[in-house]
Amino acid sequence: IMVALADAHAETPIIGAHLAKTRDLALAVLARERERGWQLLAHPARLAVQTIDALCLALLRQAPLATRLGAMPNIMEQAQPLYRQAARDALAEADPEDAEWQALLAHLDNDAERVVSLLAAMLGKRDQWLRPLGRADPVALRAALEATLRSEIEGELESLRQAFPVALAGPLAEVASYASRNLASDPARAMIAAALQRCADTGGIPTGGAETHDDWRALAGWVLRAKGPRFRQGISAGQGLPAAGKGAGAAERKARKLQMTALLSQMSACPGLADALHVARQLPPVAYDDASWEMVAALLAILPRVAAQLLVTFAREGAVDFAQTALAALAALGESDAPTDLLLRLDMRIEHLLLDEFQDTSQTQYDLLARLTAGWSQGDGRTLFVVGDPMQSIYGFREAEVRLFLDAQTRRRIGDIPVEFVDLTSNFRSQANLVTWVNGVFAQVLAPRHDPWRGAVAFAKSTAEQHPHPEIIPTLEVLRTHEDEAQRVTQLALAALAAGARDVAILVRARSHLQAILPALRKAAIPFAAVELDSLGARQATLDLVSLTHALTQPADRLAWLSVLRAPWCGLTLPDLFAVAQGRGAGLPWALAKRDEDAAISVDGRARLARVAGVLERSLEARGRAPLVERARGAWLALGGPACCDEPIDLVATELFFKLLAEYEYAGDVRDWQAFRAALDESRAAPESDAVAPVKVMTLHRAKGLEFDTVILPGLARTSARTEPKLLR
């Protein structure tokens with residue numbers, strides 16, 4: 001926005017119809033700016049462009065009493081340690097005779113640590129379940145959930161019934177009845193025989209009622225392969241169609257075989273039919289069994305208690321996470337029919353709302369948007385404008401709900417606000433060959449139609465505004481091994497750079513997919529920037545800082561202080577390190593104090609120890625008088641830590657280390673060292689010189705919204721790592 005305004009103000013020449021339209025809009029804004037005296041070029045903050053999280057924080061600052069947070073707490077991006085602490089405290093305070101806790105522990109084999117981990121994971125997503133479950137009556141909730149489940153299952157089955165070709169139902173009924181008679185004599189096949197006969201009795205396919213769920217499942221299993229949405233090539237004797245063979249009935253057996261093969265071929269030609277049948281056989285039962293509901297009921301009682309314990313933990317630590325800021329902001333606004341003073345004041349101030357990336361909006365964020373616009377009415381001059389592309393929704397793991405976009409598109413409403421849908425199809429970024437290839441391929445990859453509740457998005461074709469590049473055509477290559485793939489990626493990157501590409505992006509779904517690619521790039525001497533891929537906890541400069549910090553908090557830890565003496569800022573040789581380790585005393589202070597008394601230490605080693613001793617002794621003496629982060633940073637700087645960094649990214653990593661250490665420090669120490677190390681492993685460092693390297697290596701999520709001359713997507717055949725199932729979904 002600011003670039004467009006600045007270019008319009010400077011009358012920078014433009015080329016292209018879409019840029020001309022942008023220029024006209026920018027000139028209109030500048031004219032309005034002069035009229036109103038906004039001075040946007042000098043004060044861009046007046047545009048009030050901010051994230052939803054920043055908006056929530058602003059609301060909290062305006063209503064400290066309504067949010068019940070008091071003074072503004074610290075915001076923790078990585079709050080997992082607090083989730084674990086709250087879960088652990090809730091478990092420790094639970095009554096040993098509590099039936100709900102007993103049921104949960106029994107369900108998880110009395111593994112207390114697993115209980116804590118799973119509850120901590122649920123706390124991280126409490127904005128999804130806390131409000132609907134916090135005050136739910138278990139009996140009423142079970143009835144409501146089962147009614148909803150039955151309705152959804154019936155909807156899926158009715159959609160499948162409507163999608164099934166009518167012309168194939170009659171022939172299918174004949175073959176199903178024939179197969180049923182062949183299977184009826186086998187007790188092990190009695191259930192599928194009965195289901196196939198019921199299908200035959202209803203004209204070949206079951207009705208759409210929930211009571212026919214088992215019949216649909218049997219039919220789907222009969223015509224589909226065991227894995228995936230693909231039709232069988234034929235039906236064997238085990239499914240009721242024996243080989244023709246010879247003797248009595250051979251002609252009919254052959255005819256039924258040929259008839260079923262033809263039916264399978266015709267069904268496979270129906271778009272979406274295999275997928276719909278596959279969904280039908282994966283649908284859950286229409287009602288909970290008592291054992292499952294006992295577990296759900298236990299969680300209904302436990303989860304609100306654990307969430308309440310988390311508030312106690314937040315208050316004790318003076319910190320909250322982003323989920324809590326969103327929940328507190330909603331509470332501060334009140335309900336649409338019972339607004340607070342804050343919501344009424346905002347209702348008078350906010351006249352225009354623009355929300356970008358609407359397809360990645362969570363339910364809580366959507367509720368916040370609906371709350372802010374609850375008092376708007378048609379014709380009052382206020383506007384709501386949202387932008388999004390459901391095909392670009394890739395943040396489901398962060399609670400994004402593409403269903404909200406699809407629902408708004410269908411109902412033409414967001415909250416209580418009627419909206420007009422405008423479909424933008426022009427692609428100004430990509431050359432025409434790429435757009436044509438995507439239109440042809442992804443129409444077969446994405447769903448044939450929108451399905452909001454399953455998050456299925458139909459493909460929408462785009463129109464290329466850039467001319468085709470005759471020499472550049474998208475390719476899909478299949479390689480035998482990961483090493484072959486890495487070699488091919490290297491070749492493609494070199495070829496793109498030789499052809500004049502200004503930047504090349506190598507995008508992966510997971511960091512583990514780069515194990516063979518990064519060494520191949522280094523071997524080919526291709527300069528690249530690994531954008532937010534390096535774990536802080538895996539870099540040597542950070543590991544040395546970890547040892548230094550632990551030695552300052554636990555001077556008796558031999559491994560920590562030996563690592564400090566071996567690090568580049570001291571660099572003791574192994575013989576000298578062994579001599580120090582053999583000393584009779586314990587801990588780093590003793591080793592530093594007695595350095596001149598040990599004849600086994602070389603002259604060079606004593607000189608190195610003397611230099612380090614002057615720094616570390618001052619840091620140890622400051623314990624209890626200065627924050628740990630200041631002691632660690634001061635010692636690192638005095639030891640020459642920056643000069644020991646091999647790469648520029650290490651300097652960025654150390655700054656992130658100290659920032660994280662400040663978050664985890666408590667009373668001059670690190671309360672949960674294991675959690676601190678886990679946070680280091682989860683944090684990523686991005687080099688400051690990303691723009692210099694022509695090749696960028698990053699995850700698909702990190703690349704969203706960026707633009708490159710050449711894009712390479714390796715590892716498409718790899719699957720994501722499995723994670724432990726959630727307690728409640």
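Membrane-span-like helices in the chain, defined here as complete DSSP H runs extending at least 30 Å along the helix axis by their C-alpha atoms with mean Kyte-Doolittle hydropathy no lower than 0.0, are 290-317; this is a sequence and geometry rule, not a statement about a membrane.
Estimate the FRET efficiency between S236 and R718 by the formula 1/(1 + (r/R0)^6), using the beta-carbon distance for r and 45 Å for R0, to the nearest 0.05. The computed FRET efficiency comes out at 0.85. Around the Cα centre of the stretch 123-238, unit charges on the Cβ atoms of Lys, Arg, Asp and Glu (plus for the first two, minus for the last two) sum to a dipole of about 520 debye. Considering only alpha-carbon pairs that sit under 8 angstrom and 6 or more positions apart, the relative contact order computed for the chain is 12 percent.
Checking the a/c ratio against 1.5 first, then a/b against b/c, what shape does the Cα gyration tensor give for the stretch 536-684? Cα axes put the stretch 536-684 in the prolate bin.
Label separation (A607 vs K21): 7.2 nm, computed from points 7 Å beyond Cα along the C-beta direction.
Basic side chains Lys and Arg get +1 at the Cβ, acidic Asp and Glu get -1 at the Cβ, and with that the dipole of the chain about its Cα centre reaches some 1520 debye. The lysine pair tally for the chain, using Cα distances under 30 Å and a gap of 8 or more places or different chains, is 18. Residues with beta-carbon under 9 Å from that of Q309, excluding Q309: net charge, scoring Lys, Arg +1 and Asp, Glu -1? It works out to a net charge of -1. Neighbour counts of other Cβ atoms within 10 Å put T425, T373, T313, T549 in the fewest-to-most order T425, T373, T313, T549.
Every number here is computed from the coordinates shown, using simple stated rules; none is lab data. This one's a predicted model, so the numbers in the text were calculated from it and none came from an experiment. For neighbour counting, all protein chains shown are included, and Cβ atoms are generated from backbone atoms with ideal geometry for every residue, glycine included.
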